[in-house]
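One structure is given here, and the rest of the page talks about it.
Read-outs throughout are calculated quantities, based only on the coordinates presented, and are distinct from any laboratory measurement. Computed from a predicted structure; not experimentally measured. Neighbour counts run over all protein chains shown; Cβ positions are idealised from the backbone, glycine included.
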Number of protein chains: 2
Amino acid sequence: MAIPRAARTQRRTRIQEEKEEIILEAALDVFSVSGFRGSTIDQIAEVAGMSKPNLLYYFRTKEAMHRALIDRVLFTWLEPLRAFDANGDPESEIRSYIRRKLEMARDFPRESRLFANEMLQGAPHVEDELRGPLKALVDEKAEVIRTWARNGKIAKCDPYHLIFSIWSTTQHYADFDVQVRAVLGPEHSGEGRFEDAARYLEQLFVDGLRIRHS
Amino acid sequence: MAIPRAARTQRRTRIQEEKEEIILEAALDVFSVSGFRGSTIDQIAEVAGMSKPNLLYYFRTKEAMHRALIDRVLFTWLEPLRAFDANGDPESEIRSYIRRKLEMARDFPRESRLFANEMLQGAPHVEDELRGPLKALVDEKAEVIRTWARNGKIAKCDPYHLIFSIWSTTQHYADFDVQVRAVLGPEHSGEGRFEDAARYLEQLFVDGLRIRHS
DNA sequence: GGATAATTTGACCGATTGGTAAACATTACA
DNA sequence: TGTAATGTTTACCAATCGGTCAAATTATCC
């Protein structure tokens, strides 16, 4: 008889690694659109191209799949903020942070939407991570920004709301993609869309945060 | 025998008005958190304090409830943008648009989340409205902004992305409320939160869009 | 090649889903 | 006050939900 995956202690099989990858990929497709409650195991199984019991052989519950997915996304999602360098030039650090976040919205829109879905539902599965590691990281970087402002390198501003505004403006292009596309129309829905956004956002934030000598 | 509501042609009863209001209120509670697929009629019925068949007497399907809700929200949601005055002072128009949007995020977070949920799912129920009335309104206001920029009243910028950035930054405080709360911590989660946000955003946008003489 | 472990499947379970039918209760109005 | 229209409830339906089980199949390793 097969031993349930979670109870196993030995190393993972080649098949396990492959199948789990396929499943998480399919789960990302489904969860990112319909959220946790709105998604069904059958949907995911169909996208993954395997039977439902087979899926449940690798992840014993729907929650286990969702958790595995969230854990993975949460880590990579914060990488741009981790790369935010206290010793770099303020203006170029902010500029490249915006660019990195925008690239993630372009290259990983499903991950962005998965996270957004979780937030909309009140973060029932990740509230601890928000209050713990996330808050700690943001606190650290906010202090960096605050120091820059104190030293006159950028305009005085609330560092937390600055971070929020970078998050929201960049992720908007992933989460509200339909709306952006509908408003811009077919003529501006190509790849150049992200270049336009990057140019605009860099102007907004860099000019908005530059010290005024007037 | 009772005639299904949708087939009726006569004017609405007092009871109808009251009950439909109660139902939509409950539906907003539920849909805004769990999205369309993730919400159940039973949940809504429980929140509304009435039996499921009674609910279905007023709205014959789950979709009908959702549609009624979306239609109502969509209209009021665009009011701040409609109020955007082409003849006003650019700086104060942008300033008060931000403030109005932020007030809506504070006072109607459920409406914001309902809309966000719909966007995340690819706007299956409102794509026509986005491409039609919404695009038309945005096009009109974008032209106003473009004229301001051409006449040197504000910095040159892409008016569409400007509007997107105001939408995203303000709605963020409703849609990602959990995250904002978690990051700011209990000490900054009071009412002053929105004042801080307003101050920061006005600074960001006004300075970011002001003409530079350097 | 055979034994053993890992994987896959079809049949199935109880609970929940969106929605219906019809009996029953209440209201509005002449 | 009677009665017809409106409103509410109980009982129920087929479909789908998350998940289990045992049998069948495949991969692994000596």
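Here are the numbers for the structure shown:
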item	result
Overall form of the range A:88-133 per C-alpha gyration tensor (a/c, 1.5; a/b vs b/c)	oblate
Chain A: angle of helix A:135-150 to the longest principal axis, Cα-based, in degrees nearest 10	10 degrees
Neighbour-count order for A:GLU79, A:GLU111, B:GLU91, A:GLU187, fewest beta carbons within 10 angstrom listed first	A:GLU187, A:GLU79, B:GLU91, A:GLU111
In degrees, nearest ten, helix B:62-77 long axis to first principal axis of chain B (Cα)	30 degrees
Charge dipole (chain A, unit charges on Cβ, about Cα centre) - positive-most of A:CYS157, A:PRO186, A:PRO109	A:CYS157
Value of [θ]222 nm, deg cm²/dmol, for the protein assembly as shown, DSSP H segments ≥ 4, -39500 (n - 2.57) each, nearest 500	-22500 deg cm²/dmol
Nearest-first distances (nm) between copies at B:HIS188, label 7 Å from Cα via Cβ	3.2
Copy-to-copy label separations for A:ASP71, where each label sits 7 Å from Cα toward Cβ, in nm and ascending	4.7
Alpha-carbon centroid distance for the pair the range B:60-114 / the range A:34-69, whole angstrom	36 Å
0 to 90° range, to nearest 10: angle between helix A:109-120 axis and chain A longest Cα axis	90 degrees
Theoretical gain in end-to-end length, A:ARG100 to A:LYS156 [0.36 nm per residue, Cα-Cα removed]	17.8 nm
Descending principal axes extents, the range A:54-170, alpha-carbon based, whole Å	59, 27, 23
Overall form of chain A per C-alpha gyration tensor (a/c, 1.5; a/b vs b/c)	prolate
Label point distance in nm, B:THR61-A:GLU63, each placed 7 Å from Cα along Cα→Cβ	3.3 nm
Ascending list, in nanometres, of distances separating the A:VAL47 label from those of the other copies (7 Å, Cα toward Cβ)	2.5
Shape call, the protein assembly as shown: gyration tensor on alpha carbons, a/c limit 1.5	oblate
B:GLU21-B:ASP139 pseudo-label distance in nm [points 7 Å out on the Cα-to-Cβ vector]	3.8 nm
Lysines with Cα under 23 Å of A:LYS141, excluding same-chain neighbours fewer than 8 positions away	A:LYS101, A:LYS153, A:LYS156
